[in-house]
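*Asks:* Below you will find the structure I want to go over with you.
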Amino acid sequence: MVVNQASLKRNGVQDFVSLRATALILTAYSLFIIGYFLTTPQVTFEAWQGLFSNLAVKVFTLAALVSMMIHTQIGLWQVLTDYVKCAKLRSVLGFILNMMSFVYVAVGLFVLWGV
Amino acid sequence: MPATAKASILHRVTGVALFFALTFVIWAWSESLSSPEGFEFVKSLFSGFVAKFIAWGTVTVLAYHIIGGIRHIIMDMGYWEELESGNSSATISLVLWAVAAVMAGVWIWL
């Protein structure tokens, strides 16, 4: 279908729900990290490493990173389709940006793995 | 430009900015967890203006994106869709953002 092609095999309803579901996870994670800094008087290396060696924090962090990838895939696509009219350039930019968010997730995974 | 238009474009600008800010955030996070030396290095960067400004910018941009996002979700539920209520909620979002930006600045610099 043409609609599928236009949205890279996704559809509008799926994008709508995914964008919001990932937004909730990202908001929760942001508040968690900001809360950690606000409630920890002195963030030392031991405390910082201890935080991310906790399995629940690892899972939450990975969930946030994957959510970021889905969220930016949809959001940046929306921005690109509105402002970049040349289809070739838009595809190339979309590819580069999606690659960047994949790199963020991959780096995050390996950092979490090593803590 | 009406408040609703400002709220809308800012949501986009802050979203794109956050995406690129993640390069710094994930780098600093990765480096700080790599070793005690890496942690101290990142910590020493934060005594300088540039890292503080990037941190403030990231938190401030995130604050708007979250405020604007919450407004969008409330609008998804059918509220604030009229001209007047839409403009009011947009103005309030911008004011809340200014407050958040000042608070983030106080937090990071003081």
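*Asks:* Can you go through B:94, B:18, B:45 and tell me which one is more than 9 Å from chain A (Cβ to nearest Cβ), closer than 29 Å to residue A:83 by Cβ and either loosely packed, with under 13 Cβ neighbours inside 10 Å or not β-branched (Val, Ile, Thr) (or both)?
*Replies:* B:94
*Asks:* Could you list, in sequence order, the residues of region A:37-59 that are away from every other protein chain (no Cβ under 12 Å) and either β-branched (Val, Ile, Thr) or in contact with a helix residue (DSSP H, G or I) (Cβ under 6 Å, 6 or more places away or on another chain) (or both)?
*Replies:* Within region A:37-59, A:39, A:40, A:59 meet the criteria.
*Asks:* Right, another one. Of these, A:104, A:83, which one is within 11 Å of chain B (Cβ to nearest Cβ), loosely packed, with under 12 Cβ neighbours inside 10 Å and either closer than 24 Å to residue B:66 by Cβ or of a type outside the set (Gly, Ala, Ser) (or both)?
*Replies:* A:83
*Asks:* Mind checking which residues of region B:42-70 are touching a residue at least 24 places away in the same chain (Cβ under 8 Å) and within 11 Å of residue B:97 (Cβ to Cβ)?
*Replies:* Selection gives B:60, B:61, B:62, B:63, B:64, B:65, B:67, B:68.
*Asks:* Report whether or not residue A:18 is surrounded by 13 or more Cβ atoms within 10 Å (Cβ to Cβ), more than 13 Å from chain B (Cβ to nearest Cβ) and among the hydroxyl-bearing types (Ser, Thr, Tyr).
*Replies:* yes
*Asks:* Cβ contacts < 9 Å: first residue of a type in the set (D, E, K, R), restricted to region A:23-46; second residue at pLDDT 95 or above and surrounded by 10 or more Cβ atoms within 10 Å (Cβ to Cβ), any location; separation 6+ or different chain. Result?
*Replies:* Here the result reads A:46/B:36, each pair linking region A:23-46 to a residue that is at pLDDT 95 or above and surrounded by 10 or more Cβ atoms within 10 Å (Cβ to Cβ).
*Asks:* Name the one entry in B:9, B:54, B:74 that is among the β-branched types (Val, Ile, Thr), within 14 Å of chain A (Cβ to nearest Cβ) and under 18 Å from the mean Cα position of the chain (by Cα).
*Replies:* Matching residue, one of B:9, B:54, B:74: B:9.
The values are calculated or read from the model by the stated rules, or taken from the named source; none is laboratory data. Computed from a predicted structure; not experimentally measured. No Cβ is skipped: glycine too gets one built from the backbone with ideal geometry, and neighbour counts run over all protein chains shown.
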